[in-house]
């Protein structure tokens, strides 16, 4: 079966979105690709993800980066275990506007980066991301809250860039993504 193309205008309004997918709110179109960048934060083990022609195991605490038009498919474990994740979708214009002379956020999604497509930052650091994501999700509506929501996404992107480019003295263990053996595809 061919991957399905999903257009951003049919998925979210504006130039970004941040959604907590849960048992009550799930989006499972199968294999697909889309015209926006995506960052997924897995809150628990979730089987594996097929990105292009490579399959990677998914563990709680993994941060997955999906490039624009990159075919992908989350394969759930056969035991029926449910997985929960935050998903940030980013229009290319939003991402480009967030870049500066010193910070090229497109590097997060570049296949030559040795931490792409999965970054594991350790429990403490991952929980800091989850705190920001929960703050985003639980922010009440008020005049100016749209600016606050946007600033939280910028903070997350800034932190991701820092974690993708750590100084040599970082203390957490970084897991280099390793594809699953071909026999498990």
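Please treat every number below as a calculation from the coordinates, not as lab data. Predicted, not measured: the structure shown is a model, and the values here were computed from it. Please note: Cβ atoms are built from the backbone with ideal geometry, for glycine as well, and neighbour counts cover all protein chains shown.
Extension gain for residue 111-residue 45 works out to 21.4 nm (0.36 nm per residue, less the C-alpha to C-alpha distance).
Centre-to-centre separation between the Cα atoms of segment 49-78 and those of segment 82-158: 17 Å. The stretch between residue 151 and residue 84 holds 21.7 nm of extra length on full extension. This uses 0.36 nm per residue minus the Cα-Cα distance. The packing ranking of peptides 34-47, 111-124, highest mean first, is 34-47, 111-124, where packing means the average number of other beta carbon atoms within 10 angstrom of each residue. Highest mean first, the peptides 138-146, 51-59 sorted by other C-beta atoms within 10 Å per residue fall in the order 51-59, 138-146.
By the compact-protein rule of thumb, 2.2 N^0.38 Å, the alpha-carbon radius of gyration of segment 51-169 corresponds to a ratio of 1.14. Extending 7 Å from the Cα toward the beta-carbon at both residue 143 and residue 96 defines two label points whose distance is 3.4 nm. The modelled label-to-label distance for the pair residue 165/residue 7, using points 7 Å beyond Cα in the direction of Cβ, is 3.5 nm.
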